[in-house]
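The values are calculated or read from the model by the stated rules, or taken from the named source; none is laboratory data. Because the structure is predicted, anything quoted here is derived from the model rather than measured. Backbone-built Cβ (ideal geometry, glycine too); neighbour counts: all protein chains shown. Keep in mind that these areas ignore ligands, DNA and RNA; they rest on the heavy atoms of the full protein, side chains included. Shrake-Rupley method; radii C 1.70, N 1.55, O 1.52, S 1.80 Å.
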Amino acid sequence: MSVTILAIESSCDETAASVLRDVFLLSSAIANQDVHKAYGGVVPELASRAHQQNIIPVVDEAIKKAGIGKEEINAVAFTRGPGLMSALLVGTSFAKGFALARKIPLIDVNHLQGHILVHFIKEEGKVLAQPEFPFLCLLVSGGHTQLVIVRDHLDMHIIGRTIDDAAGEAFDKTGKIMGFEYPGGPLIDKYAKDGNPKAFAFNKPRISGLDFSFSGLKTSFLYYLRDQLAKDPEFINSHRNDLCASIQQTIIEILLDKLRSAANETGIREIALAGGVSANSGLRDALIKEAGLKGWNVYIPEFRFTTDNAAMIAIAGYFKYLKGQFADQGITPMARMDF
Ligand code: KG4
Ligand code: ZN
């Protein structure tokens, strides 16, 4: 018998809902929150208010697009964490109410597991290769940067993580230094396409093992620009594309250095990418090139499943449903959460 799952995502600044039938995507709806652009980052109180406004229309849209009736939904999954508490509360409360009203199981999902599991979403008429277990996942988002061994859909083990900023923060913070609105990542990606990645060299961190660090890069970028701007106030405008290409290249090298070490140490050659930063065209290209050199099989998410969405919560919810891992009405969101 097939299972139809409605999923809700509200951990940060996207209000999203999706419907999956087994592993097949029926719909995915997302409301982005432009309200944060002017603030240089996500403002938690504004995010929760926008989630509150968006959640009903977004769920309605997802159900309509799926072409199903509410009575066909067998379970409701939601992001429990990690994320912003005031934002998570909106999705959690909605999901609890929906489960209670429809008398269906409630499933709590770890947002990071969701990002990784996008590789298992299928769509009617599309054939995409899926990673085989065990695979190594480089999870790069706005809040997290991790190397994860994935042994099974719900059996994941973190072997490296950032000790300070996430890769997405490195993009967003350096973008902010150049005067870009939030989030800076997609803009850096865009301008980098017309820049020279070797134009400027920034220090890479020397962190042993498989952990990452990005805060030093942001600081060295800040000081370098401060010195250049003192000599030439137009420096950023006249070197924008080269600055973007160089900072992006440095972030990619930091990520790939650690990924290479992780692949060597574990002997795993099935390599997947996940999270918002996996939308970055430079990173996607660099990984494909690296895979050619190393003989890895690489799996890169479809563009629309890189940044936050609810299809990823639905697929994680589906695997938990199969194992009967349900939550009760007393469950609360968690701002911080490991697997
Ligand atoms: O996964 P995500 O949507 O949210 C979190 O779970 O954090 O990731 C958002 C992050 C932001 O830092 C954003 O700048 C970054 O992903 N991002 C990108 C690109 N698209 C989104 N970074 C670099 N290049 C991109 N094209
Ligand atoms: Zn995310």
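Some observations on this one:
- When only the Cβ of Lys, Arg, Asp and Glu is charged (+1, +1, -1, -1), the dipole of the range 211-262 relative to its Cα centre reaches about 100 debye.
- Per-bin percent of Cα-Cα distances, the range 289-339 [5 Å]: 4, 13, 12, 21, 16, 13, 10, 5, 3, 2, 0
- Sequence-separation-based contact order of the range 28-145, relative, with Cα cut under 8 Å and 6+ spacing, percent: 21 percent
- Among beta bridges that DSSP assigns inside the chain, antiparallel share in %, nearest 5: 60 percent
- Note on the range 170-214: the alpha carbon radius of gyration divided by the globular reference 2.2 N^0.38 Å gives 1.34.
- Size descriptors for the range 72-213, from the alpha-carbon set: Rg then Dmax equal 19.0, 60 Å.
- Within the range 1-138, percent of DSSP bridges classed antiparallel, to nearest 5: 60 percent
- The mean sequence separation of alpha-carbon pairs under 8 Å and at least six residues apart, normalised by the residue count of the range 14-79, gives a relative contact order of 37 percent.
- The largest accessible area among Thr332, Thr266 belongs to the first residue in Thr332, Thr266, and the rest follow in falling order (1.4 Å probe, all chains).
- For the pair Lys70 and Arg49, a Förster radius of 41 Å applied to the C-beta separation gives a FRET efficiency near 0.95, rounded to the nearest 0.05.
- Percent breakdown of C-alpha pair distances by 10 Å bin, ordered from the shortest bin, for the range 1-118: 15, 48, 31, 6, 0
- Charge dipole of the chain about the Cα centre (unit charges at C-beta), most positive-ward option of Val23, Ile63, Pro233: Val23
- At 1.306 mPa s and 10 °C, Stokes diffusion of the range 90-149 via Kirkwood alpha-carbon radius, µm² per second: 111 µm²/s
- Semi-axis lengths, largest first, of the ellipsoid equivalent to the chain are 35, 23, 17 Å, with √(5λ) applied to each eigenvalue of the Cα gyration tensor.
- Residue with peak Gaussian network fluctuation, the chain [Cα springs, cutoff 10 Å], from Glu72, Glu14, Glu61: Glu72
- Taking packing as the residue-averaged number of other Cβ atoms within 10 angstrom, the listed peptides 313-320, 203-210, 215-222, 152-159 run from highest to lowest as 313-320, 215-222, 152-159, 203-210.
- When Rg and the Kirkwood radius Rh are both evaluated on Cα atoms of the range 235-309, their ratio Rg/Rh stands at 1.04.
- Rg/Rh for the range 194-245, where both radii come from Cα atoms and Rh is the Kirkwood radius: 1.05
- Solvent-accessible surface of protein heavy atoms, probed at 1.4 angstrom with all chains present, puts Arg260, Arg102 in the order Arg102, Arg260, largest first.
- Relative contact order (percent, whole number), the chain, Cα cutoff 8 Å, 6+ residue spacing: 25 percent
- Total charge dipole magnitude, the range 1-100, about the Cα centre, Cβ charges on Lys, Arg, Asp, Glu only, Debye to nearest 20: 100 debye
- Cα centre as origin, Lys/Arg/Asp/Glu Cβ charges: the chain dipole, Debye: 140 debye
- The range 164-251: proportion of alpha-carbon pairs further apart than 14 angstrom, %: 62 percent
- Largest to smallest accessible area among Asp338, Asp13 [probe 1.4 Å]: Asp338, Asp13
- Cα-only radius of gyration and Dmax that characterise the range 1-62, units Å: 13.4, 48
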